[in-house]
2 protein chains.
Amino acid sequence: MSKDFGVREGEIAVDLPAKTDAGLYYIGRIRTPWKQRKDCPKNARESDAVCTVELDERWAAGLKEVATCSHLVLLYWMHQTQRDLVLQVPGHYGVQRGTFALRSPARPNPIAMSVVKLLGIEGGKLSVVGLDCLDGTPLLDIKPYFASTDSVPEALVGWHSQKK
Amino acid sequence: MSKDFGVREGEIAVDLPAKTDAGLYYIGRIRTPWKQRKDCPKNARESDAVCTVELDERWAAGLKEVATCSHLVLLYWMHQTQRDLVLQVPGHYGVQRGTFALRSPARPNPIAMSVVKLLGIEGGKLSVVGLDCLDGTPLLDIKPYFASTDSVPEALVGWHSQKK
């Protein structure tokens, strides 16, 4: 755990299970302009920075027809975070909320999900817009984004609407 | 690997890395009406079945404020699938495509992502609509769905549009 990621007042941690249940392969790396957590945009839509997804050579054949997608779902591993928090007090809100009501990287399985716009693919490198993660973040998956199942424009996060 | 999930003609597998890079905790189970792969709906929007997400007691405090969300992102582990396919020929299309252009469960990290409508929460059990997975599927994460970053109504998957 990095020093950037401590337990704040009002945050509650649980004992982690004795062992993990399944294993992940890092399939590539994400290159972004942000080298420290404090530099990352708070919200991916705040930034129009072009980031690069570098897929390992082993998996490159899996990109066939990906270029026909306007948007992708990226899953990646927030490897610098802690995994035992169930209640958190995000610094920019200052209110205690459950881990599963937040998009905080601190969660039992720190898998982040971002919807990105695909600009282009060259070899095993994808140029995308819509990320807010640290440079060097391990990539777990690339999926096509289907508006028919993934887009819910009317969705609401009540606690977030109320704060405004 | 289950017998349901073989390699079809035109499918290409690669050697998997010698070891995994990170570990996952199963944090609960998903209860659905579907006991075998052939019974699952092909597309989650084809079904209005109410499914139940059973979160383990250890993590239950993490649900605070989740009830204020109209929709959630669920991540879960497709534990019966194979992980080495880079090119696949889905039975219902019959065309070879890259793993990363498909939502097939067969992928290096078989993490499925579904956007579900939240009907209610009782204790550690969430009632949701919008799943298409097998009964007993291991749960990995629950996230709030933010329309501002997760909804892209105009997104296109070119290969899918062309087929129609």
Mean separation of Cα contacts under 8 Å, 6 or more apart, over the residue count of chain A: relative contact order %: 34
What is the mean number of Cβ atoms from other protein chains located within 10 Å of the Cβ atom of each residue in peptide A:44-51, rounded to a whole number? 1
Let me know the longest stretch in chain A that avoids all chymotrypsin sites (Phe, Trp or Tyr not before Pro) found in a DSSP loop with at most 16 other C-beta atoms within 10 Å. A:6-92
Between A:LYS19 and A:VAL50, what is the FRET efficiency for a Förster distance of 45 Å, r being their Cβ-Cβ separation, to the nearest 0.05? 0.70
Let me know the shape class of the protein assembly as shown, please: from the alpha-carbon gyration tensor, a ≥ b ≥ c as square roots of the eigenvalues, rounded when a/c is under 1.5, otherwise prolate if a/b is greater than b/c, or oblate. rounded
Exposed GluC sites (Glu not before Pro) absent - longest run of chain A, DSSP non-H/G/I/E/B, at most 10 other C-beta within 10 Å: A:10-153
Contact-by-burial set, region B:126-157, min loss 50 Å², accessible area of protein heavy atoms with 1.4 Å probe, reference chain alone, gives B:LYS143, B:PRO144, B:TYR145, B:PHE146, B:THR149, B:ASP150, B:VAL152, B:ALA155, B:VAL157
Applying 1/(1 + (r/R0)^6) with R0 = 22 Å to the Cβ-Cβ distance of B:SER161 and A:LEU119, what FRET efficiency is obtained, to the nearest 0.05? 0.70
Quick one: if the Förster radius is 45 Å, what FRET efficiency do A:HIS92 and B:ARG8 give, using the C-beta to C-beta distance and rounding to 0.05? 0.40
Pairs to check: A:LYS42/B:LYS38; A:LYS19/B:LYS35; B:LYS19/B:LYS42. Give those whose C-alpha atoms are more than 30 Å from each other in this structure. A:LYS42/B:LYS38; B:LYS19/B:LYS42
Report, in deg cm²/dmol and to the nearest 500, the calculated mean residue ellipticity at 222 nm for chain B, where each DSSP H run with n ≥ 4 adds -39500 (n - 2.57) and the sum is divided by the residue count. -1000 deg cm²/dmol
Rounded to the nearest percent, how much of the accessible area of the protein assembly as shown (1.4 Å probe, protein heavy atoms only) is carbon and sulfur? 48
A:LYS19 label points, 7 Å along Cα→Cβ, one per copy: pairwise distances from this copy to the rest in nm, shortest first? 1.6
Over both sides of the B-A contact, add up the buried accessible area with a 1.4 Å probe and give it to the nearest 100 Å². 7100
Label-to-label distance, nm, for residues given as A:HIS79 and B:ASP39 (7 Å Cα→Cβ offset): 4.1
Which residue is it, in chain A, whose C-beta lies closest to the A-to-B rotation axis, and what is that distance in whole Å? A:SER151, 2
10 Å Cβ neighbours from other chains, averaged over peptide A:27-37: 1
Among residues other than A:ARG45 whose Cβ falls under 13 Å from its Cβ, what is the net charge (Lys/Arg +1, Asp/Glu -1)? -1
For region A:85-157, what does the relative contact order come out to in percent, with C-alpha contacts under 8 Å and a separation of six or more? 16
Taking only protein heavy atoms into account and a 1.4 Å probe, give the accessible area per residue of chain A in Å². 45
Just to be sure I understand the model, the point goes 7 Å from the Cα along the line to the Cβ. What's the resulting A:ALA67 to B:GLU154 distance in nm? 2.3
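The values are calculated or read from the model by the stated rules, or taken from the named source; none is laboratory data. Owing to the predicted nature of the structure, the values given are computational and were not obtained by experimental measurement. Cβ coordinates were reconstructed from backbone atoms using ideal geometry, including for glycine residues, and neighbour counts include every protein chain displayed. Note: accessible area is taken over every heavy atom of the protein model, side chains too, but ligands, DNA and RNA are not part of it. Shrake-Rupley method; radii C 1.70, N 1.55, O 1.52, S 1.80 Å.
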